[in-house]
Amino acid sequence: MANYTCKVCGEMCCGVESIRFHVMETHIHGQVSCPFCDLSDITANEMEIHLNFVHLKEQTERQRDIIPKENLTSRLSSDSLTTQVSLEGSSCRKELDCPLCPFNHVDEELLRHHVNNYHFEKDGESNSKKVMSTTEPTCLKYPSCTYYEYMNESDLLKHVDPHHSKENKNSSDDYLFALRLNEEELRKRDGEMKNFNLLKRQYGMENEGSFGEQSISQMERAVYDGEISVMDYHVEKLKLKESEISGMDDGISVTFDILPTLKKLCYISNDTQRSYFCSSNIDHYGSSYGDKGWGCGYRNLQMLISSIQYQRNARSVLSKFNLISSHDLNCVSPSICTLQKAIEKAWKSGYDTVGGEQLGGKLHQTRKWIGATEIVAFFTAHQIRTQIFDFHSPSGSNETHPALFKWVLEYFTNPLSIETDFFKDSNGEPFIPPLYLQHQGHSRTIVGVEVLKKNNSIRLLILDPSHSHSQISKGLSPTNLKDTKVLHLMRKNICSIKSRKYQIVAVTGTYSSEQEASLHKRITFSRIILSWKLGTIT
């Protein structure tokens, strides 16, 4: 086995492992002393700097004196590598040994070249780091926790693992919380969208399709379900086309002249003390294939027209605008499409512009609902005077409206106490039209009132467009003089009128000219004082 000499202290060692152990234990971990002078008790890095800048520089200058001048330039270039040499000493021996491997040579420059190129240039930087880490141990810290310092990696990992498990748990909790928030937000949005769609349907803003389109699709479904035959389908489709051309209702859902039979049935009723009705006959207009679910306002308007046409002045102005026939009292009312166009025209002329803006200024070819203000705008634009009476809140217990019932009774028994300039018949008697009754989501027509034998209770007689033609025509046919079962569709006692707010539109007269009517473009309301003095209007 080859012998190696330590170039720092000159000690002879047997084998490569032995010389490496000697260098590490004696000169790196232990205190280092300079072999050329008395300097000691310094670190290996400090000794390296001392050797390179003190002793190696002196030796290089001595060698420069014996080197030929022609070789000086090449030697000077090699001297620039001397700063990379770490633990290297000088020796007077002819054969110079590498302190890091078994290589030796008599030429010091070649040995220096060997050390710099084969040891320091390959891993000099990492070796330097190893020396630094060996001579100056570093304390390890976890960046998220400044309370502890660790001397090795294993101890640090033992400390870090609980941190990460806690962080992972916190991250998981945060993620689940975010998911819950997102789910709640989605549920909230879905609820808001459902409420919005409900309000659109309720207030007539769901305007997809039209009366004609819905008629065709519903009749096709009726054929598929076996409700009508294919022949009936084509007959009804033809009537629908004729209605579009003429502008008058197709009459499919109309029950004509129901008032005489209604009066007889009320008269023979056992619990009725007395009954009061509107002045003229009236036709019932039920919903059809084309307006089911949204056309109640138009159907009630058709009922009012069918009744007030019997009053001479009203008939004159309605025929003037081609809304009814001037000579046929049994004619049908204008169709829904005609009424939609007429209300749009009234808006454009300045009648109830606020209501027109709320409905987007368009009704034709839509399925938008109409209410009390649209009824008033239609009549006022056609020189018929109306008034809205507002029952803004319940006047009795359990959300009931006794004030409304007593007001209706007063209207049918003494209309002049409510409106001083009322319709007059040719004999000077007041002409009493039906009343348009509006509440949230629906409207109906009041045609009379009953006073019962028990406690003088009041019961309203109401026509509802949601009742079908077959229901009304069967019960109120002229041949029915005994069966009063149909009356349960029309009789409404105080416990069945329990919406929060009601509005009543009363047709009270006509305007002498369009100029006079134009003075009433802005709609006003008359609020009923909810007290015993029902005739007082504010």
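The values are calculated or read from the model by the stated rules, or taken from the named source; none is laboratory data. As the structure is a computational prediction, the values presented were derived from the model and not from experiment. Here the Cβ is made from the backbone with ideal geometry for all residues, glycine too, and neighbour counts use every protein chain on show.
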Original post:
Taking into account only those residues within region 296-344 that are modelled with pLDDT of 95 or more and basic (K, R), which is surrounded by the fewest Cβ atoms within 10 Å (Cβ to Cβ)?
Top reply: K341
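Take the conditions aliphatic (A, V, I, L, M) and modelled with pLDDT under 95 and apply them to V354. Does it pass? Let's see the steps before the verdict.
Working: aliphatic (A, V, I, L, M): yes; modelled with pLDDT under 95: yes.
In short, yes.
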Subject >> Of all residues making up region 319-366, the number that are of a type in the set (S, T, N, Q), part of a loop (DSSP other than H, G, I, E, B), on the phi < 0 side of the Ramachandran plot and in contact (Cβ under 8 Å) with a residue 12 or more places away in the chain >> reply: 5
**OP:** Mind counting the residues in region 474-490 that are at pLDDT 90 or above and surrounded by fewer than 17 Cβ atoms within 10 Å (Cβ to Cβ)?
**Re:** 2
**OP:** Name the single residue, out of those in region 512-527 being assigned to a loop (DSSP other than H, G, I, E, B) and surrounded by 14 or more Cβ atoms within 10 Å (Cβ to Cβ), that is modelled with the lowest pLDDT.
**Re:** I523
Original post:
Only one of (1) under 25 Å from E429 (Cα atoms); (2) small (G, A, S); (3) touching a Cys at 6+ places or on another chain (Cβ under 8 Å) is not met by S280, so which one is it?
Top reply: (3)
Original post:
Of all residues in region 395-415, how many are among the polar types (S, T, N, Q) and surrounded by 17 or more Cβ atoms within 10 Å (Cβ to Cβ)?
Top reply: 2
Original post:
Restricting region 237-288 to residues that are over 24 Å from I305 (Cα atoms) and under 47 Å from the mean Cα position of the chain (by Cα), which is surrounded by the fewest Cβ atoms within 10 Å (Cβ to Cβ)?
Top reply: L238
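Out of the residues in region 302-317 that are in a helix (DSSP H, G or I) and more than 17 Å from V254 (Cα to Cα), state the one that is farthest from the chain's Cα centre (by Cα).
Within region 302-317, the subset in a helix (DSSP H, G or I) is 302-308, 312-317.
Okay, now just the ones that are also more than 17 Å from V254 (Cα to Cα), so 312-317.
Values: R312: 54, N313: 52, A314: 48, R315: 50, S316: 51, V317: 48 Å.
Looking at residues that are in a helix (DSSP H, G or I) and more than 17 Å from V254 (Cα to Cα), I get R312.
Kindly indicate whether L363 is within 35 Å of the chain's Cα centre (by Cα) and of a type in the set (A, V, I, L, M).
On the way: within 35 Å of the chain's Cα centre (by Cα): yes; of a type in the set (A, V, I, L, M): yes.
Yes: the conditions hold for L363.
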